[in-house]
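J.: Could you have a look at this structure, given as structure tokens, before my questions?
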Amino acid sequence: MTRLQDQPHQPSLKAMRGSFLDFVGDPFYVSEAESVRYFPDGLLVLEDGKIKAFGAYDELKADYGEIPTTVCAERLIMPGFIDTHIHYPQTGIIAAYGEQLLEWLDQYVFPTEGKFHDLDYAREVAETFLDQLLSNGTTTALVFATVFPQSVDAFFEAAEARNLCMIAGKVMMDRNAPASVCDSAESAYQESKALIQKWHKKGRLRYAVTPRFAITSTDEQLQKAGELLKEFPDVYMHTHLSENVKEVAWVKELFPACEGYLDAYDQAGLVKERSVFAHGIHLTDGEFQRLSEAKSAIAFCPTSNLFLGSGLFKLEQAKSTEYPVKVGLGTDVGAGTSFSLLQTANEAYKVAQLRQQKLSPFQALFLATLGGAKALCLEDRLGNFEVGKDADFIVLDLRSTPLMAFRNSPDAAKSVSELTDRAFSLIIMGDDRAIESVYILGELAYKCADTKAE
């Protein structure tokens with residue numbers, strides 16, 4: 001008798017039909033006609049978790065019209081959102097009142113992160129965290145754990161069980177924090193190395209070397225982080241940079257031989273193509289130039305920056321033509337006030353307005369999808385509906401609340417220009433209620449409880 005597992009694998013085709021929006025270029029640099037791809041009636045063909053074909057339904061129906069197809073009437077389908085900076089251990093202190101960065105860390109963050117020595121507790125939070133990400137349409141994220149290796153294990157175990165593409169790492173922190181949440185330069189190196197060997201590129205998982213920020217790492221520890229990047233050149237580096245004025249001044253005191261905040265990382269070999277720096281609000285012109293040259297990325301975290309009173313990110317400078325820097329959106333929960341990248345885009349628009357700049361709805365949605373993938377060097381796998389990429393995508397209801405239903409027509413937008421207004425209303429008014437369903441590798445991973453099957 002032939003056992004099931006011994007039988008040849010039979011790939012199965014299936015499809016999604018509906019309105020589709022994704023990006024094939026960067027709308028900060030090229031026109032919408034060159035960057036925005038929209039099919040009012042499109043077909044996404046899936047095979048073994050990958051995108052097999054994508055285009056207008058009328059052009060594909062001859063080849064794929066007979067395969068099993070899920071029809072998403074009156075819905076907009078997009079690639080899954082990508083969060084380029086978030087702290088899973090801070091899920092329980094979202095909306096903690098009344099401090100700026102350094103005081104907030106002392107009062108809320110360090111005591112909370114101390115709980116993550118308990119593996120069972122870390123597992124409980126990791127499950128809640130991933131539930132929140134998926135319910136908000138986020139399918140990939142760059143994630144801070146804590147100083148405890150078991151917090152990384154708990155996170156990756158939960159992400160692996162859901163087949164998620166996630167990047168995370170153990171916090172490295174050996175000074176200017178309570179002893180209960182500190183490691184040493186050597187222990188951080190050894191524990192991070194062991195975690196890299198255990199988790200990096202295990203399935204869809206990736207590892208990020210994660211010094212919290214320069215203030216909480218000695219020069220020796222930053223050098224050890226640089227050693228890890230040399231030993232494992234395809235891992236990421238994830239940290240904070242120039243978030244708060246007091247923070248910037250303190251870094252100058254702690255690293256007097258450095259030319260600035262970024263240079264403290266640069267001298268340790270941490271400014272590279274796979275380096276992602278959260279915030280970057282108070283960067284100098286020279287620091288923007290250096291990030292551009294290194295092909296590093298910035299995670300723009302507007303809800304957190306406003307909540308902590310940190311400042312207004314110079315998005316227009318990061319996206320300049322002279323020294324362009326890769327930028328993605330970060331919710332930065334728990335200083336960030338929402339897991340929703342729609343709400344994050346809402347605040348990003350307002351930050352731009354306060355700087356007398358414009359952020360179009362397509363620019364914002366680009367940052368949340370293909371822009372985030374580029375920031376994380378994952379554009380070969382994620383970010384749009386190109387054939388061969390992983391089939392992580394979301395189904396959006398642009399009429400998910402009574403007011404949005406009043407605001408937006410049930411009929412699909414007939415053109416990109418008609419979609420512009422609805423996309424903007426989605427950013428400004430949308431939240432987790434707009435996420436009807438989420439698919440990971442082509443399989444349904446989340447469906448809104450209030451949604452009835454078509």
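The values are calculated or read from the model by the stated rules, or taken from the named source; none is laboratory data. Please read these numbers as outputs of a predicted model, since none were measured by experiment. No Cβ is skipped: glycine too gets one built from the backbone with ideal geometry, and neighbour counts run over all protein chains shown.
J.: Name every residue in segment 111-159 that is within 29 Å of Val327 (Cα to Cα), of a type outside the set (Ser, Thr, Tyr) and surrounded by fewer than 19 Cβ atoms within 10 Å (Cβ to Cβ), in order of residue number.
T.: Once the filter is applied, which keeps residues that are within 29 Å of Val327 (Cα to Cα), of a type outside the set (Ser, Thr, Tyr) and surrounded by fewer than 19 Cβ atoms within 10 Å (Cβ to Cβ), segment 111-159 yields Glu127, Asp131, Glu157.
J.: Checking Gly383 against (1) in a loop (DSSP other than H, G, I, E, B); (2) on the phi < 0 side of the Ramachandran plot, only one condition comes out false. Which one?
T.: (2)
J.: Inside segment 253-270, can you point out the residues that are out of contact with any strand residue (DSSP E or B) (no Cβ under 8 Å at 6 or more places or on another chain) and surrounded by 15 or more Cβ atoms within 10 Å (Cβ to Cβ)? Step through it out loud before you land on a result.
T.: Step one: filter segment 253-270 for residues out of contact with any strand residue (DSSP E or B) (no Cβ under 8 Å at 6 or more places or on another chain), giving 253-260, 263-264, 266-269.
Within segment 253-270, Leu254, Phe255, Cys258, Glu259, Gly260, Asp263, Ala264, Asp266, Gln267, Ala268, Gly269 qualify.
J.: Right, next: For segment 285-341, give me each residue that is under 15 Å from the mean Cα position of the chain (by Cα) and assigned to a helix (DSSP H, G or I).
T.: Across segment 285-341, the qualifying residues are Pro302, Thr303, Ser304, Leu341.
J.: Which of the residues spanning segment 403-454 are aliphatic (A, V, I, L, M), in a helix (DSSP H, G or I) and within 30 Å of Asn163 (Cβ to Cβ)?
T.: As a first pass, look at segment 403-454 and keep what is aliphatic (A, V, I, L, M): 403-405, 412-413, 416, 419, 423, 426-429, 434-435, 438, 440-441, 444-445, 449, 453.
Now narrow it down to the ones that are in a helix (DSSP H, G or I): 403-405, 416, 419, 423, 426-429, 434.
Within segment 403-454, Ala423, Leu426, Ile427, Ala434 meet the criteria.
J.: Hey, could you check segment 258-284 for residues that are under 20 Å from the mean Cα position of the chain (by Cα) and not in a loop (DSSP other than H, G, I, E, B) and say which is farthest from Gln221 (Cα to Cα)?
T.: Only one residue fits best here, namely His279.
J.: Inspect segment 203-213 for any residue being touching a residue at least 12 places away in the same chain (Cβ under 8 Å), on the phi > 0 side of the Ramachandran plot and surrounded by fewer than 24 Cβ atoms within 10 Å (Cβ to Cβ) and give the result as yes or no.
T.: Here is the first cut: in segment 203-213, the residues touching a residue at least 12 places away in the same chain (Cβ under 8 Å) are 203-213.
Retained after the next criterion (residues that are on the phi > 0 side of the Ramachandran plot): 203.
With the extra rule that they be surrounded by fewer than 24 Cβ atoms within 10 Å (Cβ to Cβ), the set shrinks to 203.
There is at least one residue in segment 203-213 that is touching a residue at least 12 places away in the same chain (Cβ under 8 Å), on the phi > 0 side of the Ramachandran plot and surrounded by fewer than 24 Cβ atoms within 10 Å (Cβ to Cβ).
J.: Can I ask one more? Please give the number of the condition Leu342 fails out of (1) in the same structural domain as Val36 (by TED's automatic domain parsing); (2) more than 26 Å from Lys272 (Cα to Cα).
T.: All conditions are met except number (1).
J.: Just one of the numbered conditions (1) out of contact with any Phe, Trp or Tyr (no Cβ under 7 Å at 6 or more places or on another chain); (2) modelled with pLDDT of 95 or more is not true of Leu105; which one?
T.: Only one criterion in (1) out of contact with any Phe, Trp or Tyr (no Cβ under 7 Å at 6 or more places or on another chain); (2) modelled with pLDDT of 95 or more is unmet by Leu105, namely (2).
J.: A follow-up question, please. Inspect segment 94-114 for any residue being of a type outside the set (Lys, Arg), out of contact with any Pro (no Cβ under 8 Å at 6 or more places or on another chain) and farther than 28 Å from Val248 by Cβ and give the result as yes or no.
T.: No, segment 94-114 contains no residue that is of a type outside the set (Lys, Arg), out of contact with any Pro (no Cβ under 8 Å at 6 or more places or on another chain) and farther than 28 Å from Val248 by Cβ.
Residue-wise test of (1) closer than 18 Å to Ile440 by Cα; (2) at pLDDT 95 or above.
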{"residue": "Pro8", "(1), (2)": "no, no"}
{"residue": "Ser19", "(1), (2)": "no, yes"}
{"residue": "Val30", "(1), (2)": "no, yes"}
{"residue": "Ile51", "(1), (2)": "yes, yes"}
{"residue": "Lys61", "(1), (2)": "no, yes"}
{"residue": "Met78", "(1), (2)": "yes, yes"}
{"residue": "Tyr97", "(1), (2)": "no, no"}
{"residue": "Gln100", "(1), (2)": "no, no"}
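J.: Also, I was wondering about something else. Looking at segment 290-314 only, could you name the residues that are more than 21 Å from Ala249 (Cα to Cα) and surrounded by fewer than 21 Cβ atoms within 10 Å (Cβ to Cβ)?
T.: Once the filter is applied, which keeps residues that are more than 21 Å from Ala249 (Cα to Cα) and surrounded by fewer than 21 Cβ atoms within 10 Å (Cβ to Cβ), segment 290-314 yields Ser292, Glu293, Ala294, Lys295.
J.: Does segment 227-239 include one or more residues that are buried (at least 19 other Cβ atoms within 10 Å of the Cβ), on the phi < 0 side of the Ramachandran plot and among the basic types (Lys, Arg)? It would help to see each step written out before you state the result.
T.: First, pick out the residues of segment 227-239 that are buried (at least 19 other Cβ atoms within 10 Å of the Cβ): 228-229, 235-239.
Cutting the leftovers down to on the phi < 0 side of the Ramachandran plot gives us 228-229, 235-239.
Narrowing the set further to residues that are among the basic types (Lys, Arg) leaves none.
Scanning segment 227-239, I find no residue that is buried (at least 19 other Cβ atoms within 10 Å of the Cβ), on the phi < 0 side of the Ramachandran plot and among the basic types (Lys, Arg), so the answer is no.
J.: Could you please find all residues in segment 199-219 being farther than 17 Å from Ala179 by Cα and aromatic (Phe, Trp, Tyr)?
T.: Answer for segment 199-219, where residues must be farther than 17 Å from Ala179 by Cα and aromatic (Phe, Trp, Tyr): Trp199, Tyr207.
J.: May I pose another question? Across segment 86-110, which residue is surrounded by the fewest Cβ atoms within 10 Å (Cβ to Cβ) among those that are small (Gly, Ala, Ser) and not in a helix (DSSP H, G or I)? If you could, list the steps in order and put the result at the bottom.
T.: We begin by selecting, within segment 86-110, every residue small (Gly, Ala, Ser); these are 92, 95-96, 98.
Filter again for not in a helix (DSSP H, G or I), leaving 95-96, 98.
Details: Ala95: 10, Ala96: 16, Gly98: 8.
Result: Gly98.
J.: Please determine, by comparing only the residues of segment 189-214 that are under 24 Å from the mean Cα position of the chain (by Cα) and assigned to a helix (DSSP H, G or I), which one is nearest to Ser304 (Cα to Cα). Before you say what the answer is, go through the steps one by one.
T.: Let us first name the residues in segment 189-214 that are under 24 Å from the mean Cα position of the chain (by Cα), namely 192-193, 195-214.
Retained after the next criterion (residues that are assigned to a helix (DSSP H, G or I)): 192-193, 195-199, 214.
Details: Ser192: 27, Lys193: 31, Leu195: 29, Ile196: 29, Gln197: 33, Lys198: 32, Trp199: 29, Ala214: 19 Å.
Across segment 189-214, the extreme among qualifying residues is Ala214.
Okay, residues lined up against (1) touching a residue at least 60 places away in the same chain (Cβ under 8 Å); (2) surrounded by 23 or more Cβ atoms within 10 Å (Cβ to Cβ); (3) in contact with a helix residue (DSSP H, G or I) (Cβ under 8 Å, 6 or more places away or on another chain); (4) basic (Lys, Arg):
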site	(1), (2), (3), (4)
Glu379	no, no, yes, no
Leu382	yes, yes, yes, no
Leu403	no, no, yes, no
Pro410	yes, no, no, no
Lys414	yes, no, no, yes
Glu418	no, no, no, no
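Conditions tested, residue by residue: (1) under 20 Å from Arg422 (Cβ atoms); (2) surrounded by fewer than 19 Cβ atoms within 10 Å (Cβ to Cβ).
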residue: Thr321; (1), (2): no, yes
residue: Lys326; (1), (2): no, no
residue: Asp332; (1), (2): no, no
residue: Ser340; (1), (2): yes, no
residue: Ala348; (1), (2): yes, no
residue: Leu359; (1), (2): yes, no
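J.: Something else about it: Looking only at segment 296-317, count every residue that is over 18 Å from Gln356 (Cα atoms) and out of contact with any Ser or Thr (no Cβ under 9 Å at 6 or more places or on another chain) and tell me the total.
T.: Total meeting the criteria: 2.
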